[in-house]
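Asker: Here it is, the structure, as structure tokens.
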């Protein structure tokens, strides 16, 4: 009877450890998602306010701030110019200067902070 009680307590302890492990993994995942949401919002705001200027004159703005860090975290802007469209022998320009594509990316060295690399922008 004492042996059965000991086995029962060990099984309950094992179940408790499993529940604790699952809860801790969920908390880590929730923290990563919250940080990613903060960073994506800041990156979208940078793209909306500055656009292609992030590649030239406003490159100093390429940082995001997160609550877990006292210093800002730098991000990378990848810019590609829009392809020209030629119809027959004429180059078509619609609405003035062609728009360039800007993609903001977190550095791979910061993957441990964000739980992976975050990309925001037009990657078509």
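The values are calculated or read from the model by the stated rules, or taken from the named source; none is laboratory data. None of these values were measured; they are calculated from a predicted model. Using ideal geometry, Cβ is built from the backbone for each residue, glycine included, and neighbour counts are taken over all protein chains shown.
Asker: Looking at (1) part of a loop (DSSP other than H, G, I, E, B); (2) out of contact with any strand residue (DSSP E or B) (no Cβ under 8 Å at 6 or more places or on another chain), which is the one condition that is false for residue 66?
Answerer: Only one criterion is unmet by residue 66, namely (2).
Asker: Filter the stretch 82-101 down to residues that are modelled with pLDDT of 65 or more and surrounded by 12 or more Cβ atoms within 10 Å (Cβ to Cβ) and give me whichever is farthest from residue 52 (Cα to Cα).
Answerer: Looking at the filtered set, the residue picked out is 82.
Asker: Test residue 50 against the criterion of being under 15 Å from the mean Cα position of the chain (by Cα) and free of Cβ contacts under 8 Å to residues at least 12 places away in the same chain, and give yes or no.
Answerer: Taking the combined requirement at face value, the residue does not satisfy it.
Asker: For the stretch 15-55, name all the residues that are touching a helix residue (DSSP H, G or I) at 6+ places or on another chain (Cβ under 9 Å) and either surrounded by 12 or more Cβ atoms within 10 Å (Cβ to Cβ) or outside any helix (DSSP H, G or I) (or both).
Answerer: Within the stretch 15-55, 32, 35, 36, 39, 46, 47, 50, 53, 54 meet the criteria.
Asker: Moving on to the next point. Check the stretch 56-64 and report whether any residue there is surrounded by 13 or more Cβ atoms within 10 Å (Cβ to Cβ) and modelled with pLDDT of 90 or more.
Answerer: Scanning the stretch 56-64, I find at least one residue that is surrounded by 13 or more Cβ atoms within 10 Å (Cβ to Cβ) and modelled with pLDDT of 90 or more, so the answer is yes.
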